[in-house]
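Quick notes on the structure that follows.
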Amino acid sequence: MKYVFPEMIAAQSRPGAGVTNTVMGGLYTDMMIERHQPESRPISFLYLEDEMNPASVWLRFTQYFGNDEHYRKFVTDFEGRFELVSVSPAATIGDHSEKIAAILKFAATRPDDEIWVYADLHGTFRLSCTNASGMVVPFTVETGDAFADVFAGPDVRLRYAGLSLKLGGRS
Amino acid sequence: MLPKLITFSMAGAGASMSAFNLLVQAIKRFPNDAFYYVTDEQNPNALFHELVVKYGREHMEELGNRVNIMQAYRSKAIAEALDISLANYPDMHHHFFLDTPSLLKVVVEDNGPDVQLDEPDENAFFNLMLAKNPKVTVDVATLRMSPKGLAAFATEVKRTVK
């Protein structure tokens, strides 16, 4: 297990608390900001989820837009720079090969961009309160080594991480 | 207490925006409930204005004091808000949104995290009221690191990030 440093962690203690809302809402807002005030290095956006019907994910995202035209223009503007990916739920807290493959595949198509990842995943991240030397820090987030390594370099940024406190989300 | 949703963020990551967004939706989803949105650094008038823009002045007037947006500088204010809310509407379901990272702390124990108000007496009172009133839920709590925590975190980053 290694530490990861998502900029925002949304932890639910029960289903329906609003993790997807928080993560997807954050994705929408970040994309709007990037669209109107682009960063010097282009950003591509990847949303990962593991508990919805893939069609529902798209439907859910379109609801952030006022109308079809708005949504169509948006999709055109972000062509190739945006993906909503559904993966299987993790069998164990250490195994995330499907997610890793999805991120690396997307990153390979956009080698010059910084990839911002919105991980609406349950049973993937673990919240704990001590760091490796036993010092109590308010919160740390861990995940499997290989998955943590994906976020280690300058190209992939873990922006939002969702977690379920009861599904092994607590060490 | 264990809120339904706990968000942890560094700074400026969007925690307040997310929490308020959930309030906006909850007001629509639960037309017969009461809401308390407590913030420690947002402008409550600006937030209320957003609700007026979204739902219209008339609807907000109809809702009356079932939707409350308040600023708090002490966790005592949160405990008092709960007290007042229950006194006003004893039979309603009350939703609390605690966008007050400076007034909350989290203690992670064996059976999971416990979000606490930073003043122990107020925390005890708050938990007691929650236990006695199952119709009160803390829907969202936003947490942020203290400066001390950030320093510890920075040390950790140096250790694990190559």
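Taken together, the values in this text are just the output of simple stated rules run on the coordinates, not laboratory data. Just so it is clear, the structure is predicted and the values come from calculations on it, not from any experiment. Positions of Cβ are generated from backbone atoms using ideal geometry, with glycine treated the same way; all protein chains shown enter the neighbour counts.
For chain A, divide the Cα radius of gyration by the Kirkwood radius and give the resulting Rg/Rh value with two decimals.
Working: Rg = 15.9 Å, Rh = 16.5 Å.
The Rg/Rh ratio comes out at 0.96.
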Positive end of the charge dipole of the protein assembly as shown (Lys, Arg +1 and Asp, Glu -1 on Cβ, about the Cα centre): tell me which of A:L48, B:H93, A:G144 has its Cα farthest that way. A:G144
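Taking beta carbons within 10 Å but only from partner chains, what does the mean come to for residues B:32-40? Before the final figure, lay out the partial values.
Working: counts 0, 0, 0, 0, 0, 0, 0, 0, 0.
Partner-chain Cβ atoms within 10 Å, mean over residues of B:32-40: 0.
Please sort A:151-160, B:16-25 by packing, taking for each peptide the average over its residues of neighbouring beta carbons within 10 angstrom, highest first. Walk me through the numbers before you get to the answer.
Working: A:151-160: 17.8, B:16-25: 20.2.
Output ranking for A:151-160, B:16-25: B:16-25, A:151-160.
Have a look at the DSSP beta bridges in the protein assembly as shown and tell me what percent are antiparallel, nearest 5. Mind showing how you got there, number by number?
Details: 18 of 62 bridges.
DSSP beta bridges in the protein assembly as shown are roughly 30 percent antiparallel.
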Determine the shape class of the protein assembly as shown: with a ≥ b ≥ c the square roots of the Cα gyration tensor eigenvalues, call it rounded for a/c under 1.5, and otherwise prolate if a/b is greater than b/c, oblate otherwise. oblate
Taking chain A as a Gaussian network, where each spring joins two C-alpha atoms under 10 Å apart, which residue of A:Y47, A:Y71, A:Y28 fluctuates the most? A:Y71
Relative to the Cα centre, what is the charge dipole magnitude of the protein assembly as shown, using +1 at the beta carbon of each Lys and Arg, -1 at the beta carbon of each Asp and Glu, and rounding to the nearest 20 debye? 260
For A:17-27, mean number of other protein chain Cβ atoms within 10 Å: 5
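Applying 1/(1 + (r/R0)^6) with R0 = 45 Å to the Cβ-Cβ distance of A:E79 and B:M129, what FRET efficiency is obtained, to the nearest 0.05? Intermediate results must be reported in sequence, preceding the final value.
On the way: r = 52 Å, r/R0 = 1.16.
Taking R0 as 45 Å, the efficiency between A:E79 and B:M129 is 0.30.
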With the dipole of chain B worked out from charges on the C-beta (+1 for Lys and Arg, -1 for Asp and Glu) around the Cα centre, which of B:M60, B:M10, B:N123 lies farthest toward the positive end? B:M10
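Work out how much length B:H59 to B:A87 would gain on full extension: take 0.36 nm times their residue separation and subtract the Cα-Cα distance, in nm to one decimal.
Details: separation 28, 0.36 × 28 = 10.08 nm, distance 2.31 nm.
Taking 0.36 nm per residue and subtracting the Cα distance, the gain is 7.8 nm.
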Mind checking the mean number of beta-carbon atoms from other chains within 10 Å of the Cβ atoms in B:134-144? 2
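Using the structure shown, list the pairs from A:K73/A:K99; A:K2/A:K105; A:K99/B:K4; B:K28/B:K76; B:K76/B:K132; B:K4/B:K76 with a Cα-Cα distance above 24 Å, or answer none. Before the final figure, lay out the partial values.
Working: A:K73/A:K99 28 Å; A:K2/A:K105 22 Å; A:K99/B:K4 26 Å; B:K28/B:K76 29 Å; B:K76/B:K132 18 Å; B:K4/B:K76 21 Å.
Among A:K73/A:K99; A:K2/A:K105; A:K99/B:K4; B:K28/B:K76; B:K76/B:K132; B:K4/B:K76, the Cα-Cα distance tops 24 Å for A:K73/A:K99; A:K99/B:K4; B:K28/B:K76.
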